[in-house]
Amino acid sequence: MELRHLRYFDAVAETQNFTRAAERLHVTQSTLSHQIRQLEEELGLVLFDRAHKRVALTEAGEMLRSHLMPALQQIDRGLQSLKHAPESLAGELRIGATHSFNTRLVPLCVSAFLGHHPGTKVSVEELSAEQIARRLVSGHLDLGVSYRPNDRTELWFEPLYNEELRLVVAASHPLARRRRVRMVELHHCRMVLLPAQFSTRKLLDDCFEAAGAQPLVIAELNSIAPMIELIRQTDLAGIIAETAVTPAVDLRVVPIEDPTPIRTPGLLWKKGANRSPIVKHMASVIRRAAG
């Protein structure tokens, strides 16, 4: 079934005449009749009563048209909006992103966005999830790419996807050759983690507690890149989103289970804020990239 079948059906239903519908659609009557028969055969239903000079909808046809009309109108509005959409946006967009997303996702999206709208200025700040939430509330950011904030009723959160956090170790680490590691096996493991004020650290602490494990937190760093470098040069292990780790021969990324730490990244903006066309378009770019 294609869109033209539905448009042909709607034209016949409105005119109640194959000849007039064919003239409106700029096709021959035989072509129109053939297309309607194709639609009926695919549905396994008779949509038109052809017994009289005036074509009438059957009960099945009436039901189809009642659902079809709003959909066709929505499609037409969307196509019409494209014709009148500005070719290029202008203005400034301020984005806050945590490190995990500022490594690959956000630069990819900014590149795609500027390729279509070179007259736009985009500013990106790499911040913690709590800092992003505060700056959105205060109006210093237009859009956040982060995690669901706690106790922030002033913000809208739109989930993008779920991501697992993985164990990251140097290639020489005892756990480097493992296919999977259970959380309880990290009991007394020497680790580098984010500080306690980060939401990811709270998630990990909850997972450790659920597994009955107490890692030896030797170092705490508030940025992922230094954590990875420290892991590379020492026997310390870390737990990091795989998307934030650039593949390297001297690092290993190992899945964790029982429990698996999972975060849900998403888009954030302030409730009631006037979302400009620039914000809306960047949000759609990020959705497509995340999907």
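Can you send over the carbon and sulfur percentage of the accessible area for the stretch 124-214, probe radius 1.4 Å, protein chains only?
45
Considering only PHE208, VAL184, LEU141, whose Cα is most displaced toward the positive end of the charge dipole of the chain, charges sitting on Cβ of Lys, Arg (+1) and Asp, Glu (-1)?
Of the listed residues, the answer is LEU141.
Can you tell me, using C-alpha contacts under 8 Å and at least 6 residues apart, the relative contact order of the stretch 205-291 as a whole percent?
26
Dipole size in debye (nearest 20) for the chain around its Cα centre, Lys and Arg Cβ +1, Asp and Glu Cβ -1?
Using only the charged Cβ atoms, the result is roughly 460 debye.
Using only Cα atoms, find the angle between the long axis of helix 105-116 and the longest principal axis of the chain, and express it within 0 to 90 degrees, rounded to the nearest 10.
Rounded to the nearest ten degrees, it is 40.
Using only Cα atoms, tell me the angle between helix 29-43 and the longest principal axis of the chain; keep it within 0 to 90° and round to the nearest 10.
50
How charged is the neighbourhood of LEU194? Take every other residue with its Cβ under 13 Å from the Cβ of LEU194, and add Lys/Arg as +1 and Asp/Glu as -1. Don't skip to the answer; put the middle values down first.
Working: positive: ARG201, LYS202, ARG263; negative: GLU130, ASP205, GLU220.
In short, 0.
Work out how far the C-alpha atoms of the chain reach from end to end along every principal axis, then list the three figures in whole Å, largest first.
87, 44, 37
Provide Rg and Dmax in Å for the stretch 1-152, with only Cα atoms included in the calculation.
For the stretch 1-152, the Cα-based Rg and Dmax read 25.6, 71 Å.
Roughly how many whole Å is it from the C-alpha centroid of the stretch 1-64 to that of the stretch 219-279?
Each part reduced to its Cα centre gives a spacing of 55 Å.
Express the relative contact order of the chain as a whole percentage, based on alpha carbon pairs under 8 Å and six or more residues apart in sequence.
After rounding, I find 21 percent.
GLU14 to LEU43: extension gain in nm, 0.36 nm per residue of separation minus the Cα-Cα distance?
8.4 nm
Just to be sure I understand the model, the point goes 7 Å from the Cα along the line to the Cβ. What's the resulting ALA225 to VAL249 distance in nm?
Taking the simple label geometry, ALA225 and VAL249 are separated by 2.4 nm.
With a cut-off of 8 Å between alpha carbons and a minimum separation of six or more residues, what is the relative contact order of the stretch 45-194 in percent?
Across the stretch 45-194, relative contact order equals 17 percent.
How do 36-44, 94-102, 225-233 rank on mean C-beta neighbours within 10 Å, highest first?
The peptides rank, most packed first, as 94-102, 225-233, 36-44.
Quick check on the stretch 148-291: what are the equivalent-ellipsoid semi-axes from the Cα gyration tensor, as sqrt(5λ), descending, whole Å?
Values: eigenvalues 198, 60, 37 Å².
So the equivalent ellipsoid measures 31, 17, 14 Å along its semi-axes.
Measure nothing fancy, just the Cα-based angle from helix 224-233's long axis to the longest principal axis of the chain, in degrees from 0 to 90, nearest 10.
Helix 224-233 and the main axis of the chain meet at about 50 degrees.
The values are calculated or read from the model by the stated rules, or taken from the named source; none is laboratory data. Remember, it's a predicted structure, so these values are computed and weren't measured experimentally. Every residue, glycine as well, gets a Cβ built from its backbone with ideal geometry; the counts of neighbours run over all protein chains shown. We work out accessible area using only protein heavy atoms, side chains counted, and drop any ligands, DNA or RNA first. Shrake-Rupley method; radii C 1.70, N 1.55, O 1.52, S 1.80 Å.
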